[in-house]
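Notes to accompany the following structure.
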Amino acid sequence: MKRITTLLLTGLLIFVLVQSIKAQEGTNNVHLFQTYFFDAPIAKAGYGEGGIIFLDYEKWNTFGIGVQGGYPINEKIELQTALRFINWSPDKGDGKSGISDLDVYGRYNFYNQKQTNISVGGMITLPIGSDDVGQGNLNFGAFGALRHSLQNNIVLVGTLGLFFMEGVDDDYDSNLLFGGGTIYKVNDQLNIVGELTIWSENDYMMLSGGADLRSVQELLGHANIATTQVYTHLTSEHIRRSYDESHPRAK
C-alpha cells in the first residue's frame, strides 16, 4: 500500500513539474505591460510593436505614438529600444511637439532552469529628444527580473530596479521600482496578464495601476509632484511646469 501511495505521489509530482515547465515555456513570448522592458526571458527572435497613448490631466493633456521592440544577441543577452513622438497640449496656450529620447535597454539571463528564469539588466536614455516636450535627458538605471512557473499554467513575475532620472537644473531623482504579477495561459491564443508596480521617489510612492497621476497626488497629499513615468515618458520638467501653473500648494 505504501509503495502504491509513493508511486501515485511521485507520478503526481512529475505531472505537476511537467505542467509547470510547459507553462513557463509557453509564456516566455508573452510580454508584460507595465514592466515591458524589465522582464526575465530572452526572446528567440527579434520583435517589435507600435502603440498610441493619450493622457488627460486637469490643465493639460499629452498624446504619444511610438515604436518599441527587442532583439536577442544570443540565448543569454537581449537588447531593446523605444522611440516616440510626443504632443503636449495645455488647456490654454499653444501646444508643443517633438520626438522623445531614445531609450535603450539590455538584459542578461544568468539563471534558467525551466521553472525559474532570472535576469539582470540596465537602461539608459540617449538625450536626442526635443526640449520643447521636456526631453533631452540622460537617465539610467539597473534592474533584476524573475519569472517562476507554478502549476495550472500560472507564472509569477517580479521586478526590482533602481533608476536615476534627470530633472530640472540637471538634478537627478532616484526611483525604486517594485513590480509583481501573474501570467495565466488560457490557451495557445490567449494569456491573461495582471501586474502591480510601485515606484518610489525620495519619500513618496506611486501605485501605477491605471490611476491618474494627479488623483494619486491629491490622495496622498504630496506637495511635490516630481514623479517620472517611464511608460509614458513624461518628464519631471513637464510635470513640474504644469504643477507650478495649476496647484495651490506650489505657491
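The values are calculated or read from the model by the stated rules, or taken from the named source; none is laboratory data. Please read these numbers as outputs of a predicted model, since none were measured by experiment. All Cβ positions, even for glycine, are placed from backbone atoms using ideal geometry, and neighbour counts span all protein chains on display. Calculation scope for accessible area: heavy atoms of the full protein, side chains included, ligands and nucleic acids excluded. Shrake-Rupley method; radii C 1.70, N 1.55, O 1.52, S 1.80 Å.
Can you give the accessible area per residue of the range 54-144, in Å², using a 1.4 Å probe?
About 50 Å² of surface per residue is accessible.
For the range 43-154, compute the number of Lys pairs whose alpha carbons are separated by less than 28 Å, excluding pairs fewer than 8 positions apart on the same chain.
5
Once the piece of chain linking I77 and F33 is laid out straight, how much longer is it, given 0.36 nm per residue of separation minus the C-alpha distance between them?
13.8 nm
Less than 14 Å Cβ to Cβ from E195, Lys/Arg counted +1 and Asp/Glu -1: what total charge do the surrounding residues give?
Every neighbour counted, the sum reads 0.
Residues with beta-carbon under 12 Å from that of G66, excluding G66: net charge, scoring Lys, Arg +1 and Asp, Glu -1? Write out the running numbers ahead of the final one.
Working: positive: R84; negative: E49, D101, D103.
That sum, taken over residues with Cβ under 12 Å, equals -2.
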